[in-house]
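Scroll down for the structure; my scribbles are underneath it.
No lab work stands behind these numbers, since they all come straight from the coordinates. This one's a predicted model, so the numbers in the text were calculated from it and none came from an experiment. Counting neighbours? That spans all protein chains shown, and the Cβs are built from the backbone with ideal geometry, glycine included.
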Amino acid sequence: MRNFIKNLFFTCATLFLTIGNLNVSAAEVVQLDRIVAVVDQTVITEQELESRIATVTAQLQKQGTELPPENILRKQILERLISDTLQLQYAAQTGLKVDDNQLDKTIERIAEQNKMTLTEFGETLSKEGISMRKFRTDIRSEITLARLREREVDSRVNVSESEIDNFLTTQASSNENKDEFEISHILIRTPEEGSTEEIQKAKAKVDEVIKALQAGTSFAKVSASFSDAPNALEGGSLGWKGASQIPALFLDALKTMQVGDISPALRSPNGFHILKLTNKRGGNSPLVIEQTHARHILIKLSEVMSEKDGKQKIDGIKERLDNGEKFEVLARQFSEDGTASNGGDLGWVNPGDTVPQFEKAMNELKDGQISEPVRTPFGWHIIQVLERRKQDMSKESARLKARQEIRARKADEAYQDWVRELRDRAYVELRLDDKF
């Protein structure tokens with residue numbers, strides 16, 4: 001009965017998709033609206049697949065990446081569509097939404113980054129055959145997927161101080177761990193408890209990959225044609241990775257490789273891996289930065305404190321400072337920042353610690369000098385620089401970098417596991433090769 005209901009549902013869905021095309025031939029309907037995959041209670045149509053193929057093809061051609069055979073490209077992109085669809089369904093089921101206001105701001109920022117107005121940006125999209133409506137839908141999906149990953153995976157990844165200590169200890173005892181590798185990766189996936197037949201099938205595919213690489217086919221093209229990794233269509237590039245971000249299985253192979261080398265097939269519980277070492281760098285030079293000891297007075301803006309009133313209040317404080325009143329006294333009296341009780345003292349400030357408007361104004365001051373009122377997203381400030389110094393932040397930077405690298409590695413592994421579990425729990429029926 002359950003299968004009957006499913007078949008009835010998708011038959012109705014197909015009929016619904018063709019209602020608007022009653023005046024065209026059956027062949028045209030099949031080409032435009034054929035269902036190529038069933039993903040739980042929704043479908044992916046051939047029109048959606050072709051649209052994504054066109055987008056990806058344009059991107060690959062722009063990057064100069066060789067395209068894999070058409071049938072393989074279609075399967076790769078369909079798998080990506082299935083993965084995205086499952087995640088978007090889960091986001092909707094769990095109440096994760098991107099409101100229009102956030103979407104508008106994101107698109108405005110994209111237009112600004114391209115040095116265009118919204119109108120100019122829309123016209124550019126139109127020339128490339130992309131409607132603003134579709135662009136908004138795609139961007140909304142991208143934001144949703146990013147937020148979903150943050151909520152379900154990244155926010156749950158913890159890095160303990162002991163993990164950082166262990167990493168730094170290992171790094172200190174091994175010069176190799178100071179190295180960074182730019183690598184690309186091909187994955188031929190096997191089930192964790194795969195049968196002998198499944199393993200043999202994967203090995204045969206690995207042999208095809210190695211044969212293609214030995215014949216001179218570019219790694220990027222082979223990746224796009226064969227790899228089961230999520231970034232297959234990006235040529236399998238993993239970018240630059242520190243030693244701590246790389247699994248021991250990979251690192252052991254990379255240590256013996258020269259730039260440009262391709263590894264033999266490496267076996268892990270996930271399947272077979274082939275690596276290409278694109279570049280390598282190392283070194284551990286001290287990180288010396290200029291710190292600024294500063295203090296400030298902040299007047300926040302709100303429904304009660306308007307822009308005009310806030311500016312008038314900060315101007316009055318500046319006038320009192322110019323007349324010789326002490327900065328720390330006025331900060332305790334007027335500042336609406338957590339540092340007020342300490343006379344507005346921010347301590348030693350590193351580059352990037354404050355918002356750009358604040359940092360720019362602070363950097364233009366001489367020691368002891370007091371700024372004119374400065375507007376930032378937080379409100380109106382008056383800043384005073386007390387002194388500056390050069391500071392070796394190598395230890396702090398090393399701990400921060402270690403935390404980021406360990407977290408990135410754990411998050412990537414957790415995300416891939418989560419997506420695979422989502423796929424395993426779902427009902428997915430491939431109809432890419434079906435004929436009506």
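Just to be sure I follow the rule: in the range 288-392, considering lysines 8 or more places apart or on different chains, how many pairs have Cα atoms under 27 Å apart? The number of close lysine pairs in the range 288-392 is 23. Take every Cα pair under 8 Å whose residues are at least 6 apart in sequence, average their separation, divide by the length of the chain, and the relative contact order is 18 percent. Once the gyration tensor of the Cα atoms in the range 109-171 is diagonalised, the equivalent ellipsoid follows with semi-axes of 41, 15, 9 Å, ordered largest first. Once you order the gyration tensor axes a ≥ b ≥ c over the Cα atoms, which shape class does the range 288-392 get: rounded for a/c under 1.5, otherwise prolate or oblate by comparing a/b with b/c? Since a/c reaches 1.5 and a/b is larger than b/c, the shape of the range 288-392 is classed as prolate.
Rounded, prolate or oblate, given the Cα gyration tensor of the chain, with a/c below 1.5 counting as rounded? The shape class here is oblate. Database remark: amide H of residue 237 closer than 5 angstrom to the amide H of 185 (H placed geometrically; neighbours at sequence offset of 5 or more, or on other chains; Pro and chain starts carry no H). Across the range 131-141, computed HN-Hα scalar couplings (Karplus, 6.51 cos²θ - 1.76 cosθ + 1.60, θ = phi - 60°) run 7, 4, 4, 5, 4, 4, 4, 5, 5, 4, 5 Hz from first to last residue, x flagging Gly and Pro. For residue 228, nonlocal amide neighbours, meaning residues 5 or more places apart or on other chains whose placed amide H falls under 5 Å from its own, are 187, 188, 189.
Neighbour counts of C-beta atoms inside 10 Å place 382, 44, 143, 297 in the sequence 143, 44, 382, 297, starting with the fewest. With contributions of -39500 (n - 2.57) from each DSSP H run of at least four residues, the per-residue ellipticity at 222 nm computed over the chain stands at -17000 deg cm²/dmol. Across the range 243-252, computed HN-Hα scalar couplings (Karplus, 6.51 cos²θ - 1.76 cosθ + 1.60, θ = phi - 60°) run 4, 5, 8, 9, x, 4, 4, 6, 4, 4 Hz from first to last residue, x flagging Gly and Pro.
In terms of other Cβ atoms within 10 Å, 103, 187 run from fewest to most in the order 103, 187. Exposed loop positions in the chain were taken to be GluC sites (Glu not before Pro) whose DSSP state is not H, G, I, E or B and which have at most 10 other beta-carbon atoms within 10 angstrom. Between these positions, the longest stretch is 304-436.
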